[in-house]
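Trainee: Right, I'll just put the structure down here and ask away after.
Quick note: the coordinates plus some simple rules give every number you see, no bench work behind them. It should be emphasised that the depicted structure is a prediction, and the values quoted were computed from it without experimental measurement. Please note: Cβ atoms are built from the backbone with ideal geometry, for glycine as well, and neighbour counts cover all protein chains shown.
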Amino acid sequence: MPRDLTERVAWTFAVAVRLPPFQSLLDAHGSDLHRFLVASAGPHDGDDLFQETVLSALRAYPGLRHAENLRGWLFTIAHRKIVDGARGRSRRPVPAADPPEVAQVDGDGLVDAELWEAVRRLAPKQRSAVVQRYLFDRPYAEIGAVIGCSEAAARQNVRAGLHRLRQEVTP
Amino acid sequence: MNAVDDLAARLRRADARPRAADRDADVDQLVEAALRRADAEGLVDVAWAVEDTPIGPLTLATTPVGVVRIAFGGEEGVVEELASQLSPRVVHLRARLDEVRRELEEYFAGRRRRFDVPVDRRLSRGYRRAVLEALSREVPYGRTVSYKELAERTGNPKASRAVGSAMATNPIPIVVPCHRVLYTGGALGPYGGGPDTKAWLLRHEGALLG
């Protein structure tokens, strides 16, 4: 049993945590999570990483000790999938072609393909930071929490990412 | 810094899949595929779906053990309740309810008199649970019983009030047939789905004339 008051309060809150149904996280953030992963990893890998993220989140969900910022928690898992995916891709050959449905999206649906290809060449932290900042207007503190750095470092990652993009894409 | 501002604006405008309707359909499909995989890996503790029936919408929920909850009406409030009572790993996965949906459909079409789908009785405890088990065992389709008789059959002839509260808190109505329990003398008594629904079910089973 906890001894002093601080411990007792912490213990009470740990026991009292009420997690909402997992489905409500998917309803509230699934669409943004998918956009984040597709923007960061491309349509094909983005779909795969989305499924991986849902599975990992479901696995870890009952063990969560707090119910605050569940969106940030989901995006942190997704960011780690992007980092792991980037590592994986450098070891294995890139698939020859995307499935036909994705090719169709590329044909008439992809806005500014050149820019997105450049985004996907950024280092994972810069990439995640740029996408969260410009697709979802998230504050730097939240971006930092997702990619595992300070608010200042998150701002620096966005700035460095933009700088890099400016060199890579035609104005 | 103008070039950077231009680039920021260009990023804000750009999106890999700009049509929201397409993207939502894609996301729904991906979510369903992911949840099926999760279910196969044992990561889904509770799955639910809403089914339309002749007595209105029913919210159906199952655990890996069996049907754990049937609620009259839509999912509002029910899903949150399941998350706090059972597990937060609650998801909408219609395929997991196929068996109970089929049996309910047969029941409402008059082609089924007994439910074979496994039930998970963990939402009721103690004497209430014993009464509901006795009800499932001893009161078949088309029959009725009074609160007092059911109390007697569970060896507690004076417990008809406790039988009443067991019926009122039955987590799995219809499949566990609390609609077959009436007041002594035949008055219908209360029902979670409303008295009209109780009368409808009893007429449907031929237990009530008119």
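Trainee: Can you list the DSSP H helices in chain B whose Cα atoms extend at least 20 Å along the helix axis and whose mean Kyte-Doolittle hydropathy is 0.0 or higher?
Mentor: Qualifying helices, which must be both long enough and hydrophobic enough, do not occur.
Trainee: Another question, then. What order, most packed first, do the peptides A:21-30, B:77-86 have when packing is the mean number of other Cβ atoms within 10 Å of each residue?
Mentor: A:21-30, B:77-86
Trainee: Related question: Would you list which aspartates and glutamates come within 19 Å of B:Lys148, measuring only between C-alpha atoms, while excluding same-chain residues fewer than 8 positions from it?
Mentor: Within the straight-line cut-off, B:Lys148 pairs with B:Glu133, B:Glu138.
Trainee: In percent, how large is the relative contact order of segment B:112-172, given Cα pairs closer than 8 Å and 6 or more residues apart?
Mentor: Worked out over segment B:112-172, it gives 36 percent.
Trainee: Is there a simple number for the mean count of other chain Cβ atoms within 10 Å of the Cβ of residues in A:51-64, and what is it?
Mentor: That works out to 4 on average.
Trainee: Please list, in order along segment A:137-151, the HN-Hα scalar couplings obtained from phi with the Karplus expression 6.51 cos²θ - 1.76 cosθ + 1.60 (θ = phi - 60°), rounded to whole Hz, x for Gly and Pro.
Mentor: Values per residue, Gly and Pro as x: 6, 7, x, 4, 4, 5, 4, x, 4, 5, 8, x, 8, 6, 4 Hz.
Trainee: Further, regarding this structure: Over all residues in A:27-37, what is the mean tally of Cβ atoms on other chains that come within 10 Å of each residue's Cβ?
Mentor: 3
Trainee: Something else: Farthest toward the dipole's positive end in chain B, which of B:Val90, B:Gly126, B:Val100, given Cβ charges of +1 (Lys, Arg) and -1 (Asp, Glu) about the Cα centre?
Mentor: Most positive-ward Cα: B:Gly126.
Trainee: Averaged across the residues of B:80-92, what count of C-beta atoms belonging to other chains lies within 10 Å of each residue's C-beta?
Mentor: 5
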